[in-house]
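Please treat every number below as a calculation from the coordinates, not as lab data. Not measured: the values here are computed from a predicted model. Glycine also receives a Cβ, built like all others from the backbone with ideal geometry; neighbour counts cover every protein chain displayed.
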Amino acid sequence: MAAQTVASTTNSVDLGPAAALSCRECGHRVPLGPVFACEECFGPLEIAYDFSAYDTEELRKKIEAGPANIWRYAPLLPVPADVADKPNINPGWTQLVKADNLARELGVTGGLYIKDDSGNPTHSFKDRVVAQAIEAARAFGFTTLSCSSTGNLAGAVGAAAARAGFRSCVFIPHDLEQGKVVMAAIYGGELVGIEGNYDDVNRFCSELIGDPAGEGWGFVNVNLRPYYAEGSKTLAYEICEQLGWRLPDQLVVPIASGSQLTKIDKGLQELIKLGLVEDRPYKIFGAQAEGCSPVSVAYKAGHDVVRPQKPDTIAKSLAIGNPADGPYVLDIARRTGGAVEDVNDEQVVDAIRLLARTEGIFAETAGGVTVGVTKKLIENGLLDPSLTTVVLNTGDGLKTLDAVAGTGLTATIRPSLDSFREAGLV
Ligand SMILES: *Cc1c(COP(=O)(O)O)cnc(C)c1O
C-alpha cells in the first residue's frame, strides 16, 4: 500500500498508515515516537495519517473480509500491516444490541442500540486502547508497560502485557472496587495502590516518566497516549459498520478523561472523509456522574475551560476530576449539537437495573451513567427519541458489584413444594 511506503520513509518505525505526530493546537509535526506533548506549544500530539492511496470500495471490502476484532480496521490505525499475526488480546467487534425493550421504556421510536463493550477480553472498552498502545510499545522497543488507571485500564494492561510478553507495573488509587483490583492483579504483573485519587496517581506517573526510575517504560496513557487514544476510533468504525455503514443520528458516550469521546468523533469524521459512510449530521452527547462532572458543569455554564473537581461517585472508572480532553469534548458537543449531562449515584444504580431488566445486559457503573444520562436527556428534550441512538456500555457489572449491593435471592426455601408454595411465588 502506498500509504505505508510514505510512513516508512519518514519514520524509523513501521506503524502502518500512521505518518507522523501532529499537534492538535498548532499543527506542528514530528516523527512518530514515544512523545505526547508538542515541543512548540505543549498541546497534545495526535496521529496524522496518509490515507491518500485508499480506494473506498477496496477499503470497504478489505475491512469486511478482515478478522472479527479491531484489526479489521488496521488500514486506519497506527499499527503494522501484519498486526493480526502478533500476540495481542485482539479486542473489539463487540455486539451492537438493538435494545427494543429499553427503547419502549424510554419512549425511543427511532431505534435504540447498546454498543456493549463488556464483551471485550478484560470486560471493558480499555482493551481497545491498550491493544494499540502495545503495538506502539513494541515498535519503540519498550519492555515494561505501565499506566495510571481508574481500574479498568490496569486490568487491560495486565492482560495484554501477559499475552505479549511484556513486564507490567501499573498504578491505581488504593481504594478501588475489589473486582477491579483482582482483575488487574491476576495476570501476574505488578500492581501498586497509591494513597490518593486518580489525579494523584496520574501526577505521580508524570513524575516517574521524568525520573531514571521510569526510564524505558511505556506508559500507555502518557508517553504512548497518541497511539493509545486511536483505539477508541474503532468504536466509531464498528458502530457504523454494524449499522450497515451508516452513521447513527445520536451517540451517548461516557467521559472520564474525554479521550474516548474525542476519538469517536475523529473516527466518524474519517469514515465520512473516506466515503465509507454518507456525510450527514450526527450529535455526540457526553455523560458524567454528578459526583465527578467537571465537563458537564462547564458545558451548562457555557464555559470553554473545565474547572477540576475532587471526585466523589460510585462511577469510579469515570472519576477523573481534571480531564485532559475536557475542552475538546465541549467543542464536539457544541459543534455537533449534542450536550453534556450528568446523573447522580442513585440514578446510576437505577439505570444499571433498568438495562439489566430490559435487555439482559449487566453494566458497570459507567454503563449506568450513559443509560441514566440518556433517560435524562430524553426527559429534558435534548435527545430526540425519534432518531437512531447508540448508547455505549463500556464495562461489565461484575466489576462493580458493590453498586448493586442488596440484589440477591428472592426467597430461601426448604427443598419441598410446600415450602415453595409458602414463599408466595405461585
Ligand atoms: C476509561 C473508561 C472510559 C472512558 O475514558 P476516557 O478517559 O474518557 O477515554 C469509559 N468507560 C469505562 C468503563 C472506562 O474504564
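Just a few scattered comments:
- Phi to ³J(HN,Hα) by Karplus 6.51 cos²θ - 1.76 cosθ + 1.60 over the range 331-342, Hz, x for Gly, Pro: 4, 5, 4, 6, 5, 8, x, x, 6, 10, 9, 9
- By the count of neighbouring beta-carbon atoms within 10 Å, fewest first, ASP384, ASP304 end up ordered ASP304, ASP384.
- Packing-based exposure ordering (other Cβ within 10 Å, fewest first) of CYS292, CYS38: CYS38, CYS292
- Relative contact order of the chain, taken over Cα pairs closer than 8 Å and 6 or more residues apart, is 15 percent.
- Scanning the chain for GluC sites (Glu not before Pro) that sit in a DSSP loop and have at most 15 other Cβ atoms within 10 Å, the longest stretch containing none of them is 41-194.
- Gyration tensor (alpha-carbon) shape descriptor, the range 278-412, a/c threshold 1.5: oblate
- C-alpha long axis of helix 259-273 to longest principal axis of the chain, angle in °: 60
- Against the chain, whose longest principal axis comes from its Cα atoms, helix 152-164 is set at around 60 degrees.
- Whole-number percent relative contact order across the range 255-350, with pairs defined as alpha carbons under 8 Å at least 6 apart: 39
- Residues LYS266, LYS233 arranged by fewest to most Cβ contacts within 10 Å: LYS266, LYS233
- The mean sequence distance of close C-alpha pairs (under 8 Å, at least 6 residues apart), as a share of the length of the range 80-121, puts its relative contact order at 44 percent.
- Amide H contacts of ALA48 (H built 1.01 Å from N, in plane; Pro and chain starts excluded): ALA19, ALA20, LEU21, SER22 sit under 5 Å, all sequence-distant by 5 or more or on other chains.
- Antiparallel DSSP beta bridges within the range 95-208, as percent of all bridges there, nearest 5: 25
- The residues packed around TYR227, meaning those with a beta-carbon under 15 Å from its beta-carbon, carry a net charge of +4 if Lys and Arg are +1 and Asp and Glu are -1.
- Mean residue ellipticity, 222 nm, helices only, the chain: the sum of -39500 (n - 2.57) across DSSP H runs of n ≥ 4, divided by residue count and rounded to 500, is -11000 deg cm²/dmol.
- Crossing angle, helix 233-242 versus the chain [Cα axis fit, 0-90 degrees, rounded to tens]: 60
- Antiparallel bridge percentage (DSSP; both residues within the chain; nearest 5): 30
- Calculated from backbone phi, Karplus (6.51, -1.76, 1.60) coupling profile of the range 399-406 in Hz, x at Gly/Pro: 7, 10, 4, 4, 4, 10, 3, x
- Tensor-based shape of the range 287-359 (alpha-carbon gyration tensor, a/c under 1.5 rounded, otherwise prolate or oblate): oblate
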